Amino acid sequence: MPKPRKRLAGAAGPDGPDNKGPAGKRTKTKNPVGASATMGNSSPEKTSASKNCGKNLSSYWLMKSEPESRLEKGVDVKFSIEDLQAQPKQTACWDGVRNYQARNFLRAMQLEQEAFFYHSNCKEPGIAGLVKIVKEAYPDHTQFEKNSPHYDPSSKEDNPKWSMVDVQFVRMMKRYITLAELKTHYQAHKTTGGPLKNMALFTRQRLSIQPLTPEEFDFILSLEEKEPS
């Protein structure tokens, strides 16, 4: 049975927090013992993902979390990549997503897929490191917790609306890749047809969970070896 783990912090767009409607926040409440074993990698989650996400699902992702303290309904939603690194087994669940498209992306994630850990709603947003998916979608217990900022009274335990995955720290980026740097490349690539020309960070910027193409993922990794432009 899994041990209680600290929650991940609130997601946000590149220039500020997500609205409560378009996307969710994550909280640092503890996971009740056994909660993550409720449904595991259940087929209803995957069936729903297939219906909602289509066939061409991403193999790479960008996941946003807030590295600076911010209280939401009395709960500090801060959770940085350093916080994840400090967790037991460097693993935590990614809860609090309350946007249907972002939820569907969570449900589409598969074991061992990689994601960029993106620091949002902070002085200098950007990509801080890499994580991998170590448990596929299962019900997010915060939807049932009345004291959680993400409580959803319309969600039922026999038919939960919201899902989460478990992520594990892989490594820090060799250098912090800022939003400003990524935006410079995005704007150039819109003209030249480069890898970031349709990057969701700018075309669907309010989403806290975003798919990446292999070309986008590889290009961003290549920036580690270069001086900021």
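Side notes on the structure shown:
- The heavy atoms of THR191 offer some 120 square angstrom of accessible surface to a 1.4 angstrom probe.
- With θ taken as phi - 60° and the Karplus curve 6.51 cos²θ - 1.76 cosθ + 1.60 applied, the whole-hertz 3J(HN,Hα) list for the stretch 188-195 is 5, 5, 4, 7, 8, x, x, x Hz, x standing for glycine and proline.
- What the pair-distance distribution of the stretch 97-229 shows, using all Cα-Cα distances binned every 5 Å from zero, is 2, 10, 16, 21, 18, 14, 9, 6, 3, 1, 0 percent.
- Across the cross-link table entries LYS132/LYS190; LYS64/LYS161; LYS123/LYS161; LYS161/LYS226, which are compared at the Cα atoms, the separations over 31 Å belong to LYS123/LYS161; LYS161/LYS226.
- Dmax and Rg, reported as Rg then Dmax, of the stretch 132-188 (C-alpha, Å): 17.6, 48
- Our summary of shape: the Cα atoms of the stretch 72-111 have principal axis extents of 31, 28, 12 Å, ordered from largest down, in whole angstrom.
- Taking the Cα centre of the stretch 108-229 as origin and assigning +1 to Lys and Arg Cβ atoms and -1 to Asp and Glu Cβ atoms, the resulting dipole is close to 420 debye.
The values are calculated or read from the model by the stated rules, or taken from the named source; none is laboratory data. Remember, it's a predicted structure, so these values are computed and weren't measured experimentally. Here the Cβ is made from the backbone with ideal geometry for all residues, glycine too, and neighbour counts use every protein chain on show. Protein only, heavy atoms only, side chains kept; ligands, DNA and RNA dropped before computing areas. Shrake-Rupley method; radii C 1.70, N 1.55, O 1.52, S 1.80 Å.
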